[in-house]
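Visitor: I am attaching a structure below and will ask some questions about it afterwards.
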Amino acid sequence: MIDSHCHLDHEPLLSDLDNVIQRSKNVGIEKLLTISTSIESFSRVKEIVNKDEMIYGTIGIHPHETDNNIVDSEFIVRNLRDNKKIIGVGETGLDFYYDNSDRNKQINSFRIHIEASIKTNVPIIIHSRNAEDSTFEILNEYKDKKLKILMHCYTGSKKFAEKLLNFNSFFSASGIITFKNAGDLQQTFKFLPLDKILIETDSPFLAPVPNRGKKNEPSFINFTAIKLAEIKKIEKTELANITTNNFNNLFFK
């Protein structure tokens, strides 16, 4: 299995990193992708990817951080080229759930990340919350650029997913699909093609059932994999193989 989205630079994971890595190996995880959310976060990610050969990282500014973190596409491109273990652009995108963040700054940052992704042909990891229309409108402007898109922790509508499939997007399932009130989301993942799905923890956030309410960690991805296999009506081992192959096809081909 591969945890396609975790935040190893966040506590309590960072201070217990050796044990977190070992526990992830114990459940069969072969790669961890630790996600940058700010300039400061990226400085930690650059160090973490050297802790173990299984760890890879990304460079990006989370939409919640765009008020205080401004980068240009050349900064992203340069850092991608300087470190072979930095393999993704993001986490970027739009989050309009709260009103305390400048939406124009989010949009400008999103465009900068998209442009860096195009220049480097590196996958872009997208966060979209309460912003389906705006996210689609912006991505649609680049529809001829053959973007490599990963919709992280996908919780959007089936209609939005159908539109994103036209961009050859991938969709990552988090522990949210194990929640009792996730019926609509489970139906969306039932609809999505097997060759377009990945799994993630988004740890230390969004721990799956039966660990909901605890601090999440990569080893908990096993519960998400079991639930997604149930939704797709396949064995967990097959789901693990498929999502692993999908990750490798997206990031390493």
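Visitor: Pop a pseudo-label 7 angstrom from the Cα along the beta-carbon direction at both F75 and E47 and give the gap in nm to one decimal.
Guide: Modelled inter-label distance: 2.0 nm.
Visitor: From the phi of every residue in segment 47-64, what ³J(HN,Hα) in whole Hz does the Karplus formula 6.51 cos²θ - 1.76 cosθ + 1.60 yield, where θ is phi - 60° and glycine or proline is x?
Guide: Values per residue, Gly and Pro as x: 7, 4, 5, 8, 6, 7, 5, 7, 9, 10, x, 10, 10, x, 10, 4, x, 5 Hz.
Visitor: Per residue of segment 102-110, what does 6.51 cos²θ - 1.76 cosθ + 1.60 with θ = phi - 60° give for ³J(HN,Hα)? Whole Hz please, x for Gly and Pro, Karplus curve as stated.
Guide: Here the 3J(HN,Hα) series is 6, 5, 5, 5, 4, 5, 4, 5, 4 Hz.
Visitor: For I55, list long-range residues whose amide hydrogen, built 1.01 Å from N in the peptide plane, is under 5 Å from its own amide hydrogen.
Guide: L32
Visitor: Report the label-to-label distance for K146 and N121 in nanometres (one decimal), using points 7 Å from each Cα along the Cα→Cβ vector.
Guide: 0.7 nm
Visitor: Using the Karplus curve 6.51 cos²θ - 1.76 cosθ + 1.60 with θ = phi - 60°, what ³J(HN,Hα) values do you get for each residue of segment 84-90, in whole Hz, with x for Gly and Pro?
Guide: Once θ is set to phi - 60°, the couplings for segment 84-90 become 5, 8, 9, 10, x, 9, x Hz.
Visitor: Here are some pairs, K25/K236; K84/K163; K51/K233; which of them have Cα atoms lying more than 25 Å apart in this structure? Walk me through the numbers before you get to the answer.
Guide: Working: K25/K236 17 Å; K84/K163 32 Å; K51/K233 36 Å.
Listed pairs above 25 Å: K84/K163; K51/K233.
Visitor: I'd like the Kirkwood hydrodynamic radius of segment 117-253, using the inverse of the mean 1/r over distinct C-alpha pairs, in Å.
Guide: Kirkwood hydrodynamic radius for segment 117-253: 15.3 Å.
Visitor: Pull out the extension gain between N68 and K25, defined as 0.36 nm times the separation in residues minus the alpha carbon to alpha carbon distance; nm, one decimal.
Guide: So the extension gain works out to 11.9 nm.
Visitor: Equivalent ellipsoid semi-axes for segment 193-253, as square roots of 5 times the alpha carbon gyration tensor eigenvalues: give them largest first, rounded to whole Å.
Guide: Values: eigenvalues 90, 43, 12 Å².
For segment 193-253, the semi-axes come out at 21, 15, 8 Å.
Visitor: Could you compute the FRET efficiency for K236 and D184, with r as their C-beta to C-beta distance and R0 at 25 Å, rounded to 0.05?
Guide: Efficiency computed from Cβ-Cβ geometry: 0.60.
Visitor: Quick one: check the C-alpha center-to-center distance for segment 77-96 versus segment 201-243, whole angstrom.
Guide: Between the Cα centre of segment 77-96 and that of segment 201-243, the gap is 25 Å.
Visitor: Rounded to the nearest 0.05, what FRET efficiency do E162 and D102 have when you use their Cβ-Cβ distance and R0 = 25 Å?
Guide: Working: r = 30 Å, r/R0 = 1.21.
Using R0 = 25 Å, I get an efficiency of 0.25.
Visitor: Taking 7 Å along the Cα-to-C-beta vector as the label spot, tell me the I226-F205 distance in nanometres, rounded to one decimal.
Guide: In this crude label model, I226 to F205 measures out at 2.5 nm.
Visitor: A further question on this structure: As an exercise, take the mean of 1/r over every pair of distinct alpha carbons in segment 2-252, invert it, and state the Kirkwood radius in angstroms. Working shown, then result.
Guide: Values: mean 1/r = 0.0559 Å⁻¹.
Computed over segment 2-252, the radius equals 17.9 Å.
Each reported figure results from applying straightforward, stated rules to the coordinates on display, with no laboratory input. Since the structure is predicted, the reported quantities are computational estimates derived from the model, not experimental observations. When we count neighbours, we look across all protein chains shown, and the Cβ atoms used for this are built from the backbone with ideal geometry, even at glycine.
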